[in-house]
Every structure is written in C-alpha cells, then in structure tokens.
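Report on the structure given below.
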C-alpha cells in the first residue's frame with residue numbers, strides 16, 4: 001500500500017511482512033526488526049529499479065520499530081467478537097466507535113483475509129473490554145484489550161486505538177476524582193464526559 005504524505009513527492013509504503021516471530025520474546029523481536037528493515041531495503045531497491053517514478057527516489061527511513069499486529073490480550077469483563085463488530089452491536093457502555101474491516105494476515109503465508117463492513121456501517125467498543133477480570137484497579141487500552149483474534153484484527157489500527165486510549169485516560173481520571181475503582185465507575189458519567197470532549201462513542 002502507498003500513502004501520500006504532506007511532503008510533495010513523498011510516499012509511505014506498507015508492504016513488509018515478518019512471519020513466525022514471538023513479539024513477547026526480546027530476541028525474536030530483535031530478529032523481526034532486522035528482517036523488517038531488510039525487507040524494506042529490498043522493496044526500495046525493487047521500486048527504484050523497476051517502477052517508473054522511483055528512478056531518483058531516496059530511502060528516507062523505516063518505522064522506529066516493527067509494527068506488531070498481535071501479542072498478548074487481557075481476558076476482560078467482556079470479550080469483543082467479530083460477530084459484535086459485523087452485527088454493529090450497540091453496547092450500553094460503548095466508549096469508542098470504529099469502522100475498519102476485519103483484516104487478518106495469514107501467520108504462515110502471504111494472503112490476507114479481509115471482511116469489510118457494509119457502506120456506512122460502524123461498530124462500538126464496550127468499556128468492559130478495557131477492564132481485566134482479575135484486577136480491579138487497571139484499565140487497558142490499545143490492541144491488548146479483551147477481544148478475540150478476529151475482532152482484534154479490526155480494532156488494532158491507530159485511530160481506534162487512540163479513541164480507546166482517550167476513553168481509558170478519561171476513565172482513569174474520573175476514577176481518581178470520584179475515589180472509585182474503574183470497575184465501579186459510572187459508565188454514564190464516562191460517556192457524558194467523552195461526548196463533552198467530542199469523542200464519538
């Protein structure tokens with residue numbers, strides 16, 4: 001995939017894939033970093049040699065670290081599923097919305113299985129999926145919230161992770177100000193506060 005940036009003539013490429021590495025193992029994660037940068041360099045050389053428009057291109061940089069699609073997730077008060085997303089379940093404790101497709105990359109090959117939503121369709125993320133089952137004073141944000149592999153393949157993208165992060169931060173602040181645990185926090189108050197912040201819940 002090519003993404004144009006605000007700089008004229010500059011593009012970001014999303015085309016590397018490192019397989020079979022455990023992101024929770026620092027040695028394997030380092031190996032993945034090396035392999036990812038090697039693939040990025042190979043892609044650049046290919047484009048420069050064979051693709052019109054890239055003849056005078058310059059390789060500027062790679063990401064600061066390899067993007068990990070999936071590692072650990074919590075087991076939370078609610079496990080978000082692909083069926084929830086595709087069915088646009090309207091959770092009473094919704095704290096964020098998304099619309100990115102379920103995008104599952106084959107962990108042992110090159111193909112990708114994508115399930116797209118209908119035009120105009122969106123889904124919601126419940127606050128309960130940010131709350132671990134066994135720890136009352138913890139809120140989790142990002143791709144490690146309580147979700148199945150399939151649901152995680154949709155909600156892992158940056159805009160949705162940012163929305164979940166805003167909700168987690170707001171819930172933490174409200175829990176402190178209300179002198180209560182996140183599991184006991186008023187979800188109505190959380191949602192009202194997020195809406196005042198112009199979040200889409």
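The values are calculated or read from the model by the stated rules, or taken from the named source; none is laboratory data. Note that the structure is predicted; figures quoted are calculated from it, not measured. Cβ atoms come from the backbone with ideal geometry, glycine included; neighbour counts cover every protein chain shown.
Scanning the range 172-194 for residues that are assigned to a helix (DSSP H, G or I), modelled with pLDDT under 95 and either under 24 Å from residue 69 (Cβ atoms) or in the same structural domain as residue 86 (by TED's automatic domain parsing) (or both) turns up nothing. The single condition among (1) assigned by TED's automatic domain parsing to the domain that holds residue 169; (2) surrounded by fewer than 16 Cβ atoms within 10 Å (Cβ to Cβ); (3) touching a strand residue (DSSP E or B) at 6+ places or on another chain (Cβ under 7 Å); (4) modelled with pLDDT under 95 that residue 108 does not satisfy is (3).
For the range 25-34, state whether one or more residues are touching a helix residue (DSSP H, G or I) at 6+ places or on another chain (Cβ under 6 Å), without any contact (Cβ under 8 Å) to a residue 40 or more places away in the chain and in a loop (DSSP other than H, G, I, E, B). No. The residues of the range 46-62 that are touching a helix residue (DSSP H, G or I) at 6+ places or on another chain (Cβ under 8 Å) and surrounded by 11 or more Cβ atoms within 10 Å (Cβ to Cβ), listed by number, are 54, 57, 59, 62.
Would you confirm, using the coordinates I've provided, whether residue 86 is in contact with a helix residue (DSSP H, G or I) (Cβ under 8 Å, 6 or more places away or on another chain), more than 30 Å from residue 40 (Cβ to Cβ) and either at pLDDT 95 or above or assigned by TED's automatic domain parsing to the domain that holds residue 32 (or both)? The answer is no for residue 86.
Residue-by-condition table, conditions (1) out of contact with any strand residue (DSSP E or B) (no Cβ under 6 Å at 6 or more places or on another chain); (2) surrounded by 13 or more Cβ atoms within 10 Å (Cβ to Cβ):
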residue: 119; (1), (2): yes, no
residue: 131; (1), (2): no, yes
residue: 138; (1), (2): no, yes
residue: 147; (1), (2): no, yes
residue: 152; (1), (2): yes, yes
residue: 157; (1), (2): yes, yes
residue: 164; (1), (2): no, yes
residue: 167; (1), (2): no, yes
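Scan the range 70-95 for residues that are free of Cβ contacts under 8 Å to residues at least 60 places away in the same chain and outside any loop (DSSP other than H, G, I, E, B) and the total you get is 2.
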